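Encoded as structure tokens, the structure appears first; notes follow it.
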Amino acid sequence: MAKAPYFPPPPPIPPKTRMFQRMPPAVFTTILGVFGLGLAWRRAADTLFAPSAIGELILGAVTLLYLFSIAAYVMKFIQRNGVVTEDLRVLPGRAGLAAMVLSGYLLAATIEPFSLVLAGAVLLLAFVVHVMLAMRVIYLLFTGPIEARIVTPVWHLLFAGFVLIPLTAVPLGWNGFASATFWGGFFAAAVVWGASAAQFLRTRIPAPLRPLLAIHLAPASVLGTGAYLLGETQMAMVFSVMSIVILGILIGRIRWLIKAGFSPLWGAFTFPLAAFSTLMQMAAVVTGSDVLRIVAGLSLVAATLIILPIAYKIVQMWTKGELAVKTNAAIA
């Protein structure tokens, strides 16, 4: 009698994890970059005579993605509020939650031309959440293991990210608020830059973490833009030169930075590039320099060609469930 053919049993089906149960906050890092890109293109409509539709299209799309992502993370939080603390304990989660708040500042800047009241409300809400997040991280740093207190570029997002506030506060006429947050963010950025430089000389940075070094460009660029808005032209020029130097160093070490290959941490490249282009556009307008105008245009095109593919890849990883696993996102 012939034996029946043998069919191996199917592999066990893992328990289903709904999309919102492990929503990875790391996606907000690239959302922040796309917001910055959209605002850079919006400004380019005036400074570089670019089509205004490009900036508005990018800003409209990223606003919808941001609101959906916020809703997804809120649903995750409602299921188990401890996920916030767990996400803050890992580097990608900490960077993502910081970027989530900073994206709120850029959302306020996005809607400012359409509604001053709504822009002000969003700005204040983002500021309150930012303060709460920074205080929570400080608590975790003091109560957690010593190894977790190592200074990383992500600290710029958490503690120096207030420098984004003048982008909306100045057009709203809140100059006092803008000035206070500008100088507070400047002090925080200076501390992080100094601590990072000292740490860089003492320790070797693992290849997978090197893309985070690009974040050092962001506060220099945003501080320059904020200084221009506040009328501090000489200080703005200093930050412009500083940003050019930092970007030059990053470009010179690009092979070293990306040695580990693509990862969700490449989202760290996005916002700094967009912020640099915005700064160069403002510098070109204030100085009337054709050279800076060319730099602004080239940097905007380069930022677009870099940011959008990274954003597409990271969002694709999220939809496939890979981003949560790779960034060790908390499960509700």
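The values are calculated or read from the model by the stated rules, or taken from the named source; none is laboratory data. What you see is a predicted model, and the numbers here were worked out from it, not measured in a lab. Don't worry about glycine lacking a Cβ; one is built from the backbone with ideal geometry, like all the others, and counts go over all protein chains shown. Note: accessible area is taken over every heavy atom of the protein model, side chains too, but ligands, DNA and RNA are not part of it. Shrake-Rupley method; radii C 1.70, N 1.55, O 1.52, S 1.80 Å.
For the reader, a short list of remarks on this structure follows.
- Over 29 Å [Cα-Cα, the chain], rounded percent: 36
- Accessible solvent surface per residue of the stretch 174-286, calculated while the other protein chains remain in place, 1.4 angstrom probe, Å²: 44
- Between the alpha-carbon centres of the stretch 50-126 and the stretch 161-203 there is a gap of 19 Å.
- When you filter the trypsin sites (Lys or Arg not before Pro) in the stretch 177-285 for DSSP loop state and at most 16 other Cβ atoms inside 10 Å of their Cβ, you are left with 204, 253, 259.
- The alpha carbon gyration tensor of the stretch 44-84 gives principal lengths a ≥ b ≥ c with a/c of 1.5 or higher and a/b greater than b/c, which makes the shape prolate.
- Gyration tensor verdict on the stretch 107-183 (Cα atoms; rounded if a/c is under 1.5, prolate if a/b is larger than b/c, oblate otherwise): prolate
- Expressed as a whole percent, the accessible surface of the stretch 153-274 that belongs to carbon and sulfur atoms is 71, based on a 1.4 Å probe.
- Choice from 73, 139, 105 showing the highest fluctuation, given a GNM over the chain with Cα pairs closer than 10 Å: 139
- Rounded to the nearest 20 debye, dipole of the chain from Cβ charges on Lys, Arg, Asp, Glu: 1300
- Bridging of residue 259 to aspartates and glutamates at a Cα separation below 18 Å is possible for none of them, once same-chain residues fewer than 8 apart are set aside.
- Most mobile of 33, 55, 194 in a GNM of the chain (Cα contacts under 10 Å): 194
- Prolate/oblate/rounded call for the stretch 78-135, Cα gyration tensor, a/c under 1.5 rounded: prolate
- Calculated [θ] (222 nm, deg cm²/dmol) that DSSP helices of n ≥ 4 give over the chain, each run adding -39,500 (n - 2.57): -23500 deg cm²/dmol
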